[in-house]
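Below: the structure, in structure tokens.
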Amino acid sequence: MSTFVESIGPLKDEALAAIVAAADLSQLEQARAAFLGSHGKFVAIMKQMGTLPKEEKPLAGKAINQGKAEIEAALAQRKSDLELKAALPKEPLDFTLPGRRRTLGKNHPLTQATDDIVKIFRKLGFVVADGPEIEDEYHCFDALNTPADHPARDTQDTFYTQSANGAGNNQRLLLRTHTSSVQIRVMKSQPPPVRVIVPGRVYRRDNADATHNPTFQQIEGLYVDKNVTVGDLKGTVAFVFRELLGEEVKLRFRPHYFSYTEPSFEIDFSSALVRKMGKDWLEIAGCGMVHPKVFENVGYDPEVWTGWAFGFGIERIAMIRYGINDIRLFYENDARFLAQF
Amino acid sequence: MKVTINWLRRYVDISWTPEELRERLTMLGVEVESMRKLGGEFEGVVVAQVLTADKHPNADKLSVCRVNDGKTERQIVCGAKNFKPGDKVPLALPGCTMPTPPGTPPFTIKVGKLRGVESQGMMCSAQELGLSEDASGLLILPTDAIVGQSLAQHLGRVSGDVVYDLEITPNRPDLNSVIGIARELSALSGNPLKLPAVPERFEPAEAPSIATVAGQVAVRLEDPELCPRYTARMVRGVKVGPSPDWLKQDLEKVGIRSISNVVDVTNYVMLEIGQPLHAFDYHLLAVAPEAKTPVIVVRRAQEGEKFTTLDGKERSLTHDMLVIADETKPVALAGVMGGLNSEIKDTTQDVLIESACFKPQTIRLASKKLELRSDASYRYERGSDIDICDWASRRAAQLILETAGGQVASGVVDAYPKRHEPKQITLRYARTNQLLGLEIAPAQQREYLNRLELPLDGTPGESSFSVRIPAFRVDLKGEIDLVEEIARLYGVDRIPSRVPCAQPGTNPFDAVYDQIAEARRLLTGSGLMEIQGQTLLPQTAVAHLPSQLVPLQNPLSGDMNVLRPSLLPGLLEVLQRNVNQKQTDLALFEMGRVFTATGNAPREERRLGIALTGQRNPLFWSGGERDAKFDIHDLKGLLEEFFAHFGLRGLTFVRRPEPAGLYLESANISLGKQSLGEIGLANPMLAKKLDLRDSVVLAELNLDLLLARRNPAKSFKPLPQYPAIRRDVAMLVEETVTHEAVLNAVKQAKPSHLETVELFDVFRGKNIPSGQKSLAYAFTYRSLDKTLTDAEASAAHEKVVRQFKEQLKAVLREG
């Protein structure tokens, strides 16, 4: 009966060939039924096992089990191959087609610039402070040591509101001309040391043109502690502008005049960008050591505490960074403009 | 203010190049706004001396010379024969452009080879320089010509100059003068300041005919507070005429038109020392009846007094202005401008020189009120040097003598009732070092101030010293100001930088800043673009808003005359601008302050405004949703998502029966009893007016309140362990039944194990009676501690269904 065992191999090969030949899932099912179905050829041999003499059974059983396992494995493999083939789209995908997009919004470029500046100051332990945009003359001018007849107070340069000041004093109300007014509010509300930055809108009575808008934005830094020096001011400013405008930026401090700082400086910077504009230096900020009079006005002892303040225009920073040539673009909010940043 | 380098050089030696000078001035705090080089005659031609002359190796007619140009030795190839070593000749340096006959191209000297030998310039003939027709050989200069000097200077011709336009800070009026700038340069360089020699007194040649000034004019100060000093000096017998060239050129280079010798002198001295001067025609002063001599009266103008200034305009004066008058009429508007009636004319013979000091505020006020600014008012407004009045007057007299002849009457009338006492300021050495972060030695500190002409007052002490403050330094008020002077002269660029070590600051707003940034992040993540609008709006744009406006007292124009009471008008304006530019699909937000008038001070409030219009989705090439436009549900959903992520729960939307302002339909958004804002459909009539074609949906929220009511606390809830059971309900209800009413009914039914209720369909139309709608809800039931049975879920759900039938009169739809 050696022929029985010998017949298993060819039958298995026949089954495997049928499986490979199946072109789709239904042909594969036919192939499976033809061999492993209840009337299948392979099942038929399995049924013959019982008729074999006892001594042949182990060898034949082993061969049948092996054969069946092989066929089943081939079926499973072929099935998954054919399923994958069925899942393939009829046409190849065009991966160059534009996708179905979900719009993401963007922060306004001035917000982006402000956030970047705030981040840099925060690395140095500064926190953000805030104050009102409608101010009184005391916080905007008097407390900052601005002389009573200083031209900055003129109605020519500063917007005054028609509303009365309800605080009971005779202070005229105005739209703050600088964020420096917040220096006074912060120092009056807390004892030194102070490390704050103040971003915000300020107002000057300038007609709108490429470099002016009656509304614009500033950021102010104030630092008060014991033993604060001009050296600290220079070091901080240098750190901030290198972080903001790149390592290659060069800075210079020019003596200048502001009523609330002494000594006062203007800061110019130079970079490849500035040179491309055909200039050696571009003015970027004003700063100085807090004037002792200002400390006296807020009740800090100028003999104990020293400090510096500096401020600059956010539009100017954004204009330099992005090469924007007209400040009015920021406030026109053309979507094509906003989408660029 | 403009100065020229040559003018500065009269008072201080300057060894810097024009570029270096620009840098030095700027770093001293005198910012150079622009620098302009003026070409002179023979620009680039210098006096040079021939050292050697040898035969050219390749050309018989040429020689190769070594020439000293004052700075270096040059090799020059030359064709002339009329010179010998030792001769001084004009040498045109490379870069120099030679005069050429009209119509021929300019000829520029370059370094080049002549027959194989390099020539670094050209020695010139008189013809080549355009000086004469003599082309026979080089122009041989006299032996005393100075090697290295420019040829122009040697010949006494106009030489080149450099004009600096300076920005003078308002605290330093003393720098509005050439000598003021020279003083700074002297302090910086250590080179002495050389002031012009001005006679202390003028001795008239014919004493009897020229009496003293005092005998010919008197001065009366009616308000010494407004005019603390007034000097009058007189020059008789002048001949008014054109100024000499040097005077004309000096003035014209700095932008002042030359008028006549006498007037030019007053301008020259003003520019030189900073003291404004005025010259009158003495004979145009009226003499009071029974008086022998005129009196100059410095008095307040009468209210409404008429006066015609030099520019020919009649002006109406007020009592807070100061005039210079005789007994009958004003002759000058003090410190601002002279009068037409006392102007110096060609016929003027006797000139009265006014050199006075006025209170800056008075001059500023007059100048502002009359909108009349002059070089004099500019200087007076900032504060003039009361001590220099007499010097400036003598200087002017000296120069009038020189340029217009005449004789100076001896003496001066000097009305100076209260002498200026120089202030004294003490500086502690340690204070300087404390503020600058440096160690500057005491002697060095004293030296810096001394160079600025701040003389020591008394003997310097161990730890401090005092200086006297001259009248011209109005800016020096306290110790701190002296520290700045030392910083300037030491050089700010030399102060070493120090980065402060981080130490946390504190401010309550710091956290708020981050919350606002977080809100912005959520909104941009939802697809909104941030805008920043104008704070100042035209009143017309906010007219239909129910708000108490804060108007400006002094707007620039009607386009910007109120503070925005809402962000929405600005948003609508931005929509309009973009739609006009064919940008029709817009989802925008703004965060900013709005302003409303209240009984007391105006109130500021931070708000969030949102506007959507146009297509909801970016363009896509397939799908049914692709043409969908933004509607109110987009905005509602956006807000719901925003609130959920921002930590705001329990908001209610209540429809307004009568929407106001910009809205067609709107709802009030509240949190408990507090109103947070409004959401709605923009009034289409308004949108149409703005050329907005698609419908616009808007929302505006009080951001301050939003931040205050935020509860961002997060805590973990265990994930469900047991399966959920879903039950759906579809029902017909009246149109008036809102989603909120359905939720309330569910709440009242108190079904156990209810996890979520979700609305998944709203349907009107086919098979639905009019005035009704079909609502379909999905209910999810789940227990946290066991597997819920079907019966338990059904029992709970039954309660809900019963509540719907009773409370909402709902009719359940089957299948």
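The values are calculated or read from the model by the stated rules, or taken from the named source; none is laboratory data. Source: prediction; values computed, not measured. Ideal geometry is used to build each Cβ from the backbone, glycine not excepted, and the neighbour counts take in all protein chains shown. Just the protein is used for accessible areas: all its heavy atoms, side chains included, with ligands, DNA and RNA removed. Shrake-Rupley method; radii C 1.70, N 1.55, O 1.52, S 1.80 Å.
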Which residues, taken from the stretch A:319-337, are of a type outside the set (Phe, Trp, Tyr), part of a helix (DSSP H, G or I), surrounded by fewer than 18 Cβ atoms within 10 Å (Cβ to Cβ) and in contact (Cβ under 8 Å) with a residue 60 or more places away in the chain? A:321, A:328
Going through B:251, B:247, B:193 one at a time, which residue ends up being farther than 21 Å from residue B:338 by Cα, open to solvent by less than 10 Å² (accessible area, probe 1.4 Å) and in contact with an Asp or Glu (Cβ under 8 Å, 6 or more places away or on another chain)? B:247
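Would you mind listing the strands (runs of 3 or more DSSP E) fully within the stretch B:34-152 where at least 1 residues are open to solvent by 10 Å² or more (accessible area, probe 1.4 Å) and free of Cβ contacts under 8 Å to residues at least 24 places away in the same chain? So that I can check it myself, show each step before the final result.
On the way: elements: B:45-56, B:59-68, B:73-78, B:88-92, B:112-114, B:117-119.
Ranges flagged: B:45-56, B:59-68, B:73-78, B:112-114.
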Close pairs (8 angstrom Cβ cut-off, 6 or more residues apart or separate chains): at the interface with chain B (Cβ under 10 Å from one of its Cβ atoms) in the stretch A:223-250, assigned to a loop (DSSP other than H, G, I, E, B) and of a type in the set (D, E, K, R) anywhere: A:229/B:498; A:231/B:498; A:232/B:498; A:234/B:498; A:235/B:498
Result of the Cβ filter at 7 Å on the stretch A:54-72, keeping first residues that are open to solvent by less than 100 Å² (accessible area, probe 1.4 Å) and partners that are outside any helix (DSSP H, G or I) and at pLDDT 85 or above, at least 6 apart or interchain, is none
Condition first: closer than 23 Å to residue A:335 by Cα, in a helix (DSSP H, G or I) and at pLDDT below 95. Can you find one or more residues in the stretch B:640-657 that meet it? no
Pairs with Cβ under 6 Å, 6+ apart, first in the stretch A:139-164 and part of a loop (DSSP other than H, G, I, E, B), second among the small types (Gly, Ala, Ser): A:145/A:259; A:146/A:259; A:163/B:597
Name the single residue that is surrounded by the fewest Cβ atoms within 10 Å (Cβ to Cβ) among those in the stretch B:431-489 being within 21 Å of residue A:230 (Cβ to Cβ), of a type in the set (Lys, Arg) and within 14 Å of chain A (Cβ to nearest Cβ). B:477
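Collect the residues in the stretch B:196-220 that are open to solvent by 50 Å² or more (accessible area, probe 1.4 Å) and at pLDDT 70 or above, keeping them in residue-number order. Let's see the steps before the verdict.
We begin by selecting, within the stretch B:196-220, every residue open to solvent by 50 Å² or more (accessible area, probe 1.4 Å); these are B:197, B:200-201, B:203, B:205-209, B:212, B:214, B:220.
Hits for the stretch B:196-220 are B:197, B:200, B:201, B:203, B:212, B:214, B:220.
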Check residue B:555 against each of (1) more than 7 Å from every other protein chain (Cβ to nearest Cβ); (2) assigned to a loop (DSSP other than H, G, I, E, B); (3) under 30 Å from residue B:585 (Cα atoms) and name the one condition it does not meet. (3)
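Can residue A:260 be described as farther than 25 Å from residue B:170 by Cβ and buried (at least 21 other Cβ atoms within 10 Å of the Cβ)?
Details: farther than 25 Å from residue B:170 by Cβ: no; buried (at least 21 other Cβ atoms within 10 Å of the Cβ): yes.
Against the criterion (farther than 25 Å from residue B:170 by Cβ and buried (at least 21 other Cβ atoms within 10 Å of the Cβ)), residue A:260 does not qualify.
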Kindly indicate whether any position in the stretch A:137-148 is open to solvent by 50 Å² or more (accessible area, probe 1.4 Å) and within 14 Å of chain B (Cβ to nearest Cβ). yes
Could you tell me whether residue B:229 is surrounded by 19 or more Cβ atoms within 10 Å (Cβ to Cβ) and of a type in the set (Lys, Arg)? yes
Looking at the stretch B:527-549, can you tell me whether even one residue there is surrounded by 17 or more Cβ atoms within 10 Å (Cβ to Cβ), under 31 Å from the mean Cα position of the chain (by Cα) and farther than 19 Å from residue A:332 by Cα? yes
Can you tell me which residues in the stretch B:601-655 are under 24 Å from residue B:744 (Cβ atoms), open to solvent by 40 Å² or more (accessible area, probe 1.4 Å), touching a residue at least 24 places away in the same chain (Cβ under 8 Å) and not acidic (Asp, Glu)? B:632, B:636, B:649, B:652, B:653
